[in-house]
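Report on the structure given below.
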Amino acid sequence: MKAFSGFPIKTRFTPIPNPFFSTVLPDIDNLAELKVTLHIFWSVYQKRGYPRFVTRRELLGNPVLMKGLGDNGAPEELLQQGLEQAVKRGTLLHLTLKRDGAIDDLYFVNTEADRRAVEKLESGELKLEGLVRSEPREATEEQRPNIFTLYEQNIGMLSPIIAEELKEAEGTYPASWIQDAFREAVDLNKRNWRYIARILERWAVEGKQDGKPGRHTEAESDPEEYYRRYGHLLKK
């Protein structure tokens with residue numbers, strides 16, 4: 001076994017619900033289930049959009065996961081075994097949908113928000129085609145955490161209503177603004193979305209320097225671009 005050299009200084013972290021360690025983990029005795037469950041936690045939190053899920057095709061196409069499963073048998077069989085066990089245990093939610101002319105298996109972390117989303121998808125009230133696509137991001141250290149991850153790490157569990165507001169904000173403001181607004185709210189111990197939204201609205205109206213002397217963001221330096229992005233806020 002090759003020894004692990006240790007985690008680098010700027011390592012990003014994946015949120016895992018605390019009850020997983022106290023209620024779920026002690027009962028898991030299947031290595032495939034554990035590997036698949038932890039991988040899905042990681043995969044889901046690398047995504048943008050709402051609701052966030054991972055498909056069986058994505059899992060099959062992930063060489064790291066499949067290589068890890070293949071050490072103890074046929075990787076596809078172990079993947080299916082791990083998924084079935086995690087769904088049976090209640091850690092994950094499973095939904096089978098027809099997308100792009102093909103049947104696809106979708107897996108969600110079993111949170112209250114995702115339970116509601118699955119119910120709406122099953123009833124037809126929610127259409128995947130009408131949502132922001134749940135797309136994976138490159139797992140590089142340089143990337144900023146998305147707005148959904150920032151919310152869950154600093155405020156709490158997502159609800160469908162809040163998710164819609166976050167999705168709108170993500171499409172309106174630069175990613176650096178969003179991260180800075182969360183940081184400012186946390187520093188002031190104002191851990192609520194309404195406070196953060198007001199910070200972003202204020203910056204959009206009053207302007208926000210990007211941290212480099214004498215320079216502003218593209219939207220601030222170009223009046224037409226500024227009004228196109230933030231004009232709806234100026235009318236309030």
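Assorted remarks:
- Any hit, region 126-143, residues being under 15 Å from TYR50 (Cβ atoms), out of contact with any strand residue (DSSP E or B) (no Cβ under 7 Å at 6 or more places or on another chain) and at pLDDT 85 or above: no
- Looking across region 1-41, just one residue is within 23 Å of the chain's Cα centre (by Cα), exposed (fewer than 10 other Cβ atoms within 10 Å of the Cβ) and basic (Lys, Arg), and that is LYS10.
- Condition met for ILE178 (at pLDDT 80 or above, in a helix (DSSP H, G or I) and loosely packed, with under 14 Cβ neighbours inside 10 Å): no
- The listed residues are LYS2, LYS47, and the only one of them that is farther than 26 Å from LEU126 by Cα and among the charged types (D, E, K, R) turns out to be LYS2.
The values are calculated or read from the model by the stated rules, or taken from the named source; none is laboratory data. These numbers were taken from a predicted model, which means no experiment stands behind them. No Cβ is skipped: glycine too gets one built from the backbone with ideal geometry, and neighbour counts run over all protein chains shown.
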